Amino acid sequence: MKPEEVLASIESAAPGRGWPIIGPKRGMILDDVIREHRPARILEVGTNVGYSAIRMARHLKAGEKVTCVEISEEIAALARSNFAKAGVSDRVDVVVGDALHVLPTLGGSFDMVFLDAVKVDYLAYLKSVERLLHKGSVVVADNVKSFGSEMKPYLDYVRRSGAYSSAYREAPPNWGMGAGDAVEISVRL
């Protein structure tokens with residue numbers, strides 16, 4: 001299958017199965033970030049069924065990687081299956097474990113970080129990997145409208161610390177329900 005076919009399959013199943021994916025509307029914002037910043041090494045915190053990782057990996061060249069951190073082995077197995085179906089397994093690595101324990105053990109550097117896990121832990125996730133970011137690294141945080149109060153420390157930090165240039169991007173609801181949501185896009189200065 002093509003990546004777009006797997007994405008469409010996940011999109012159609014997500015509402016009924018309760019999968020909290022970024023979906024096509026905010027997903028287009030994620031695509032724009034990838035096209036604009038051209039990251040070669042991406043870190044995803046909170047992989048779930050692999051939807052966002054597929055969206056990102058399909059834009060990568062050979063040798064470029066998305067490193068996914070997922071707490072559940074069962075969900076990680078489903079994500080790996082989706083990566084294989086989408087033909088992006090060669091561009092995605094999955095690390096299973098609690099991100100608060102996994103992130104401090106990572107090495108190398110990342111051009112992009114996508115945060116989509118436990119909302120109150122966004123600042124802790126960022127602080128755990130900040131040493132691996134360089135000038136121009138971009139951090140995308142999902143659900144900043146619907147979980148804004150839980151993310152207040154994170155949002156205050158990326159907006160006011162002077163370490164990032166940060167922008168709020170809102171998107172309409174994916175399936176015509178609710179008020180939509182937003183992402184925060186923060187570029188390391």
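The values are calculated or read from the model by the stated rules, or taken from the named source; none is laboratory data. Not measured: the values here are computed from a predicted model. Don't worry about glycine lacking a Cβ; one is built from the backbone with ideal geometry, like all the others, and counts go over all protein chains shown.
Taking only segment 45-66 into account, find how many residues are under 21 Å from ALA124 (Cβ atoms) and touching a Gly at 6+ places or on another chain (Cβ under 9 Å). So the count comes out to 1. LYS145 meets the stated requirement of being out of contact with any helix residue (DSSP H, G or I) (no Cβ under 7 Å at 6 or more places or on another chain), surrounded by 15 or more Cβ atoms within 10 Å (Cβ to Cβ) and not polar (S, T, N, Q). Among the residues in segment 15-24, are any surrounded by fewer than 22 Cβ atoms within 10 Å (Cβ to Cβ), under 14 Å from the mean Cα position of the chain (by Cα) and farther than 16 Å from ALA117 by Cα? Yes, the conditions are met somewhere in segment 15-24.
Restricting attention to segment 34-57 and to residues that are in contact with a strand residue (DSSP E or B) (Cβ under 6 Å, 6 or more places away or on another chain) and of a type in the set (A, V, I, L, M, F, W, C), the residue that is surrounded by the fewest Cβ atoms within 10 Å (Cβ to Cβ) turns out to be ALA40. Only one of the numbered conditions (1) exposed (fewer than 15 other Cβ atoms within 10 Å of the Cβ); (2) in contact (Cβ under 8 Å) with a residue 40 or more places away in the chain; (3) not in a loop (DSSP other than H, G, I, E, B) is not met by MET1, and that is (3). Scanning segment 135-151 for residues that are more than 18 Å from the chain's Cα centre (by Cα) and either under 28 Å from GLY107 (Cα atoms) or of a type in the set (Val, Ile, Thr) (or both) gives a single hit, LYS135.
The single condition among (1) under 11 Å from the mean Cα position of the chain (by Cα); (2) modelled with pLDDT under 95 that GLY50 does not meet is (2).
Screening segment 43-79 for residues that are assigned to a loop (DSSP other than H, G, I, E, B) and of a type in the set (Gly, Ala, Ser) and picking the one that is farthest from PHE110 (Cα to Cα) gives SER72.
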